[in-house]
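The values are calculated or read from the model by the stated rules, or taken from the named source; none is laboratory data. As the structure is a prediction and not an experimental result, all values here were calculated from the model. Cβ coordinates were reconstructed from backbone atoms using ideal geometry, including for glycine residues, and neighbour counts include every protein chain displayed. Remember, those area values only see protein heavy atoms, side chains included, never the ligands or the DNA or RNA. Shrake-Rupley method; radii C 1.70, N 1.55, O 1.52, S 1.80 Å.
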Amino acid sequence: MFGKSSTAFEVQVRREGRWVIEGSFLEETAAMSCARVQMTSGGVEEVKVFKHRSLAGLSLETLLFHKTVPVVKDKPMLLGGTAEGAPVCTGPDDLYSFESRVVINRLLRAFLDKFRITPTELLYSFTYLRKLDEQGILLGAAIQAVARHHADLHGFAVPARARELRGFADVVMTRARDFQAERKRLPVFDPKDLSATSRAIDAAVGEAGHDAVFLGQLTHHLADRNSLGGKLDLLLGLIGDDSEPRHLALIDGVMADTLGSADVVKDLLGAQPNLAMGLCVLADHIVGRDPDPKGEPASALLARVGDLIVHGRAPCCRAVLVDRIRHALNGAQPLDRRDPKKEALLADHLATHLRDGQGRMLGSPDSEKALARRLIRHRQAILREQGMHDIADRLSGR
């Protein structure tokens, strides 16, 4: 009498404040399944499922499902370390130096890891500098940490020093914005002919502006790799036996940036049985010693970096890896977590590997002091296990 009715189901989603129809279905189960999938999709803010029923020219709409996707707030990023070693910058140019980038690598570790970039990429990218500035508290905290470090060592007034450093950071951001606007009009980066790239850059901006443009275009080239390990591999591929010294110096600095990440170094070392063996492998590659054939093999990338270090072609990489050894020795982690009682034996074994062919210890005198402190802590632990707490306490006064 009234004709046949028809039923359909419609899924709507809201993205960036706008509602769109995601799909129409004849079955309710299919529509609900689609809605649940949309709930897990990036950028979706709300999801609705409507039932539409038509009968005798009339249409009835019923809301079956309506969910708002909860907003997950990222935890605020914290500084990754101290400002130890921060040079006293007298102008914005100093922020690009290797010493400054080492400190940036440490302080902004969480930000750099999140976006899988190096400090050099950060300094030459307006996009990432703007993201860092939007974090607000992280950049401000890093500036304050450096200002306090300079105040402690050199007597600066913290508020005035922080304002000065913030001004330098603003100049770096302005330069990155200008470079982004000019980049397409500058000579392109040719990874197969760095000499031709440099000649074109020299002709365009002069020798004084070469390094900044070269590094800026290099960082754009690195954007094709979405991991720091991949970027290290790409950088190593740019170095040949006939590489020009200026290219070696610039590429070495960026490779050292990648090695500032603990995760990258762990990947290079592979599955080592404990901290001591990992440090031994690292030291062996730095001094050019053949690795232990019975040990766990390290990455081929580490062997390539080690070869450059041994031949004096990667001083920045050497400095970063030696500093990582020094930092690990000064840490509280046992040389073997599974068997802390082997601390003394492993410390002696490690000391042998840390010495080069001339008997000099990597990172001395800090490394020697760190090993000595480890042995004292180990003896204290043994004494306390035997109930000799007084003697253990007196050892700390040595």
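Among the residues of the range 79-113, the one identified as of a type in the set (A, V, I, L, M, F, W, C), without any contact (Cβ under 8 Å) to a residue 60 or more places away in the chain and more than 21 Å from Ala176 (Cα to Cα) is Ala110.
Please verify whether the range 391-398 includes one or more residues that are part of a loop (DSSP other than H, G, I, E, B), hydroxyl-bearing (Ser, Thr, Tyr) and either more than 21 Å from Met277 (Cα to Cα) or open to solvent by 70 Å² or more (accessible area, probe 1.4 Å) (or both). Yes, that holds for at least one residue. Selection over the range 278-305 of residues that are among the charged types (D, E, K, R), open to solvent by 30 Å² or more (accessible area, probe 1.4 Å) and not in a loop (DSSP other than H, G, I, E, B) gives a count of 1.
Determine whether the range 75-96 contains at least one residue that is outside any strand (DSSP E or B), farther than 30 Å from Ala223 by Cα and β-branched (Val, Ile, Thr). The answer is yes, given that some residue of the range 75-96 is outside any strand (DSSP E or B), farther than 30 Å from Ala223 by Cα and β-branched (Val, Ile, Thr).
Considering each residue of the range 208-249, count those that are assigned to a helix (DSSP H, G or I), farther than 22 Å from Asp113 by Cα and touching a Ser or Thr at 6+ places or on another chain (Cβ under 9 Å), and give that number. Qualifying residue count for the region: 4.
Scanning the range 32-83 for residues that are modelled with pLDDT under 90 and among the acidic types (Asp, Glu), we see that the one that is nearest to Arg161 (Cα to Cα) is Asp74. One residue stands out among those in the range 321-345 that are in a loop (DSSP other than H, G, I, E, B) and aliphatic (A, V, I, L, M): the one that is surrounded by the most Cβ atoms within 10 Å (Cβ to Cβ), which is Leu335. Number of residues in the range 217-248 that are among the charged types (D, E, K, R), in contact (Cβ under 8 Å) with a residue 12 or more places away in the chain and open to solvent by 20 Å² or more (accessible area, probe 1.4 Å): the value is 3.
Among the residues of the range 63-82, the ones that are more than 19 Å from Gln135 (Cα to Cα) and open to solvent by less than 50 Å² (accessible area, probe 1.4 Å) come to 2 in all. Within the range 249-268, being open to solvent by less than 20 Å² (accessible area, probe 1.4 Å) and of a type in the set (Asp, Glu) holds for Asp252, Asp257.
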